[in-house]
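Remarks on the structure that follows.
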Amino acid sequence: MADPKQTPIPTISRDMITLYDHFTHGGMDRRSFMSRLAGLAGSSAAALSLLPFLQNDYAYAETVKPDDPRLLAEEGVSVEGGEKGLTGYLVRPKGEGIRSAVLVIHENRGLNPHIKDITRRVALEGYLAFGLDVLSPDGGTPSDEDKARDMFSKLTAEVATERASSAVRFLASYTQCNGKVAAIGFCWGGGIVNLVATVEPKLKAGISYYGPQPPAEQVANIKAAMLLHYAGLDQRIDAGIPAYKAALDAAKIRYELYTYEGVDHAFNNDTNAARYNKDAADSAWSRSMAFLKHELG
């Protein structure tokens with residue numbers, strides 16, 4: 001596939017993007033998706049030609065190389081005090097020092113190369129960054145995205161929230177952490193950040209990218225400052241914004257909310273040609289890093 005950051009893509013309709021979003025969030029199986037995509041594209045051949053632009057291409061996932069000399073990275077780090085088998089990808093800047101920590105929570109594809117790259121980007125900002133594999137107790141993130149989606153369909157929000165909360169507590173007590181922990185999540189992971197904020201008092205700050213909102217009655221439990229990024233064309237997720245905002249305001253929670261007009265769900269994912277939007281991604285990332293600096297120091 002062509003580089004989503006540089007190469008024009010073929011015309012992909014809103015119906016195609018909406019269909020793919022429905023598919024990726026468990027709304028149908030691959031055969032049904034391809035059949036409906038063929039109907040929208042005009043033929044099966046046309047659908048196959050569009051598919052590489054709709055799905056992620058991890059050949060473009062390494063904006064920060066895994067062996068970047070500025071970083072120290074460890075795979076399969078166990079979350080002490082968490083569920084048996086819960087692990088993640090720990091990355092920190094080289095050199096001694098006590099740092100604030102940032103938990104990175106993946107989309108509904110698991111801890112894939114793109115999320116590992118995000119984890120390294122966060123570490124380069126000076127943080128102890130931990131990319132949690134929420135699927136690790138269930139065998140770990142598979143390379144096959146269809147299998148990953150199937151695993152997520154069997155994972156309850158309660159179990160996922162507890163796994164992420166235990167990672168927050170693990171980081172807060174980590175020897176190289178100063179006790180300040182934030183979480184940043186994308187899509188499904190953005191929703192888990194919202195849920196963790198309602199149950200984990202050790203979370204100091206939460207950043208949710210186009211994540212499902214928590215139940216309104218739980219919002220008053222939030223202790224963390226929140227930064228919420230939404231995509232203007234994301235009708236499925238944006239439908240929950242008014243109730244969430246009203247609950248945040250009523251509970252006097254500190255938060256910032258931004259909607260990026262004219263862009264799709266997953267606009268930050270620079271391995272996805274159809275939905276990545278550089279201007280929105282750059283703006284949201286700049287705001288996220290400024291927010292972390294303000295909240296964590």
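Scanning the stretch 62-74 for residues that are of a type in the set (A, V, I, L, M) and part of a strand (DSSP E or B), which turns out surrounded by the fewest Cβ atoms within 10 Å (Cβ to Cβ)? Once the filter is applied, the top-ranked residue is 72. Of all residues in the stretch 157-208, those satisfying the criterion of being assigned to a strand (DSSP E or B) and free of Cβ contacts under 8 Å to residues at least 40 places away in the same chain are 179, 203, 206, 208. The numbered conditions (1) assigned to a loop (DSSP other than H, G, I, E, B); (2) on the phi < 0 side of the Ramachandran plot are all true for residue 295 except (1). Do the conditions hold for residue 200, that is, is it crowded, with 24+ Cβ neighbours inside 10 Å and at pLDDT 95 or above? In short, yes.
Within the stretch 252-294, if we keep just the residues that are under 28 Å from residue 221 (Cα atoms) and aliphatic (A, V, I, L, M), the residue that is surrounded by the most Cβ atoms within 10 Å (Cβ to Cβ) turns out to be 266.
The requirement of being of a type in the set (Asp, Glu) and without any contact (Cβ under 8 Å) to a residue 12 or more places away in the chain is not satisfied by residue 238.
Only a single item in (1) within 29 Å of residue 277 (Cα to Cα); (2) surrounded by 17 or more Cβ atoms within 10 Å (Cβ to Cβ) is not met by residue 219, and it is number (1). Answer yes if at least one residue in the stretch 155-171 is touching a Lys or Arg at 6+ places or on another chain (Cβ under 7 Å) and β-branched (Val, Ile, Thr), and no otherwise. Yes, because at least one residue in the stretch 155-171 is touching a Lys or Arg at 6+ places or on another chain (Cβ under 7 Å) and β-branched (Val, Ile, Thr). Restricting 156, 161 to those that are modelled with pLDDT of 95 or more, β-branched (Val, Ile, Thr) and surrounded by fewer than 18 Cβ atoms within 10 Å (Cβ to Cβ) reduces the list to 156.
Working only within the stretch 246-292, note down all residues that are of a type in the set (Ser, Thr, Tyr), outside any helix (DSSP H, G or I) and touching a residue at least 40 places away in the same chain (Cβ under 8 Å). Scanning the stretch 246-292 gives 271, 276.
Checking the stretch 75-86 against the condition returns no match, with no residue being of a type in the set (Ser, Thr, Tyr), within 29 Å of residue 223 (Cβ to Cβ) and part of a loop (DSSP other than H, G, I, E, B). Among the residues of the stretch 101-113, the one identified as surrounded by fewer than 24 Cβ atoms within 10 Å (Cβ to Cβ) and more than 18 Å from residue 160 (Cβ to Cβ) is 113.
The values are calculated or read from the model by the stated rules, or taken from the named source; none is laboratory data. Owing to the predicted nature of the structure, the values given are computational and were not obtained by experimental measurement. Every residue, glycine as well, gets a Cβ built from its backbone with ideal geometry; the counts of neighbours run over all protein chains shown.
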